[in-house]
Amino acid sequence: MRPTSPPKTYRVKSFGCQMNVYDGERMAELLDAQGIVPAADGDDADLVVLNTCHIREKAVDRVYSDIGRLRRDDGSSPLIAVAGCVAQAEGDEIMRRVPAVSMVVGPQAYHRLPGMLDEAVAGRRSVDTDMPAATKFDVLPARRKVAASAFLTVQEGCDKFCTYCVVPYTRGSEISRPFADLIAEAERLVGAGAKEITLLGQNVNAWTGEDAKGRGVGLDGLIRSLAQIADLRRIRYTTSHPNDMTEGLLIAHAEVEKLMPFLHLPVQSGSDRVLKAMNRSHSVASYLKVLGRARAIRPDIALSGDFIVGFPGETEAEFAETIALVEQVGYAQCFSFKYSPRPGTPAATMDSQIALEVMDERLQRLQAALQKSSLAFNQTSVGRTCEVLVDRLGRREGQWLGKSPWLQSVHFMGEAAIGDVVSVELTEAGPNSLAGRLIAR
Ligand code: 5AD
Ligand code: SF4
């Protein structure tokens, strides 16, 4: 690589989960602090960061094709950094195969991006997939720009080792960020205009720390302290593991008004045999017990989950158990995926991988059941008046979009502004959104 001039503009493209969105924002802030500015819409950027996801499908192929598309008509390319979980898992291979990439940086090392950028400008390529003990959070610049609804990573990594999942390998083992740092970051987010904070973690409900008085607290303790921030209106958290769900966290849903009535609790399958093969360490019955307790404590709580169809060896009868679970629970909204073998995970080499056509067909049936469930849930909201946090302009003139406490998308007409919490009567329900009438601003 020949030396290049320092980049003046950048673009960060994030794929995958909400934590990648958060990391992407932090990388952007890091570049802002270097005096590099975001490229205007439609303009070429001098530096492109591809913040990749490795959880499913042909993640690596996609990165290669995205890099290919960055080549300009005159044959030149911007400076390219590959970040995120594909960088962590396949960084060396990417460097070997694609000379146009000058930086590969893993999810725990991206605070070192400015130094890598200096190297790249001097014509040297670098890979940093370390998981250093001193975390990136200690050295990242302060938060400045935020949306009405902001993310805050409180916990990272996973020690659960579900047999299909790459996260323990790409994000490392579970760490909780310190309580005081999180309160400070949340205060800055709210000071910069956030009305809602979603606490993020691969196992967010495994978060532990020590509060201001030195007492050991769990996620519920953190939430109770965050609720003291006056201008913060709403708190959410995702993603939780069924085994880390505590009574204290469930009770917080009844006692902390700012904690929204929504629980995302992935189950993956409705079959105990499949759950065991997945190394999920919970059963269908223990999962249902947690949901039952959540509903007893907070009867209107909206339930959500993740599902995988076509895990190796999944029989038709076992898949039918998943459908039966969906019908029994009455989920508000869910994510569902075809099983995707991830290199290096135990399930990738298990016997009896399921044919793609079978997975396609099962996914369709599951999604039909989930749509039916979401529609039924949304229909029970019709007639209710609730608070909606306005987060976007709608497509039609005078239309606004926002979220109900149950994380439903709501659209309505009238006078409002992004960041408002308005009172809306819910009038009509579809499987993915509701129409409402503005009652008061
Ligand atoms: N194949 C399909 N889906 C997966 N998930 C994680 N790993 C895989 C995989 N190998 C899904 C799980 C998880 C969500 C974030 O992604 O449902 O909860
Ligand atoms: Fe992956 Fe399982 Fe950890 Fe979730 S709990 S991140 S699915 S290993």
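The values are calculated or read from the model by the stated rules, or taken from the named source; none is laboratory data. As the structure is a prediction and not an experimental result, all values here were calculated from the model. Methodologically, a virtual Cβ is constructed for each residue, glycine included, from the backbone with ideal geometry; neighbour enumeration extends over all protein chains shown. Heavy atoms of the whole protein, side chains included, go into the accessibility calculation; ligands, DNA and RNA do not. Shrake-Rupley method; radii C 1.70, N 1.55, O 1.52, S 1.80 Å.
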### Integer Hz, Karplus 6.51/-1.76/1.60 couplings in order for region 212-223, x for Gly and Pro
4, 9, x, 7, x, 9, x, 4, 4, x, 4, 4
## Note on the structure
In whole percent, the fraction of accessible protein surface over region 212-325 that belongs to carbon or sulfur atoms, probe radius 1.4 Å, stands at 53 percent
## Note on the structure
Kirkwood calc, region 328-401, C-alpha pairs only, radius in angstrom 16.2 Å
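Before rounding to the nearest 500, sum -39500 (n - 2.57) across all DSSP H runs of length at least 4 in the chain and divide by the residue total; then give [θ] at 222 nm in deg cm²/dmol.
Helix-only estimate at 222 nm: -10000 deg cm²/dmol.
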### Task
Mind pulling up the Rg/Rh value for region 1-40? Radius of gyration and Kirkwood radius, both on Cα.
1.06
### Message
On alpha carbon coordinates alone, what is the Rg over Rh value for region 141-381, Rh being the Kirkwood radius?
### Response
0.99
### Query
Working out 0.36 nm times the residue gap between ALA376 and GLU29, then minus their Cα-Cα distance, what length gain in nm do you get to one decimal?
120.8 nm
### Task
Kindly give Rg over Rh for region 220-297, based on alpha-carbon atoms, with the Kirkwood expression for the hydrodynamic radius.
1.05
### Summary
Of all DSSP beta bridges with both partners in the chain, the antiparallel percent, nearest 5, is 35 percent
## Note on the structure
GNM of the chain, Cα pairs under 10 angstrom: of ASN20, ASN279, ASN205, the biggest fluctuation goes to ASN279
#### Entry: ³J(HN,Hα), Karplus 6.51/-1.76/1.60, whole Hz, each residue of region 419-432, x for Gly, Pro
x, 5, 10, 10, 9, 10, 8, 7, 10, 8, 10, x, x, 10
### Query
Can you give the Kirkwood hydrodynamic radius for region 40-144, in Å, rounded to one decimal and based on Cα pairs?
14.4 Å
### Residue list for region 18-49, given a label point 7 angstrom along the Cα-to-Cβ vector of ARG144 and an amide N cut-off under 15 Å
25-39
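Return the FRET efficiency for the residue pair ALA100, GLU361: r is the Cβ-Cβ distance, R0 is 51 Å, and the value is rounded to the nearest 0.05.
According to the calculation, E is roughly 0.80.
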### Task
Go through the chain and flag any cysteine with no other cysteine's C-beta closer than 4.7 Å, please.
CYS17, CYS53, CYS85, CYS158, CYS334, CYS386
### Task
Run down the lysines and flag those whose C-alpha is under 20 Å from the C-alpha of LYS289, throwing out any fewer than 8 positions away in its chain.
LYS276
### Message
Based on alpha-carbon atoms only, what is the radius of gyration of region 261-377 relative to the globular estimate 2.2 N^0.38 Å?
### Response
1.06
#### Entry: Cα coordinate range in region 132-284, projected on the principal axes (Å, largest first)
48, 39, 32
## Note on the structure
Evaluated at 37 °C and 0.692 mPa s, the Stokes-Einstein D of the chain based on the Kirkwood radius over Cα pairs, in µm²/s, stands at 141 µm²/s
### Message
Quick check for you: which residues of region 3-31 have the amide N under 20 Å from the point 7 Å beyond the Cα of ARG188 toward its beta carbon?
### Response
12, 19-31
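With +1 assigned to the C-beta of every Lys and Arg and -1 to the C-beta of every Asp and Glu, and no other charges, what is the dipole magnitude of the chain about the Cα centre in debye, to the nearest 20?
280 debye
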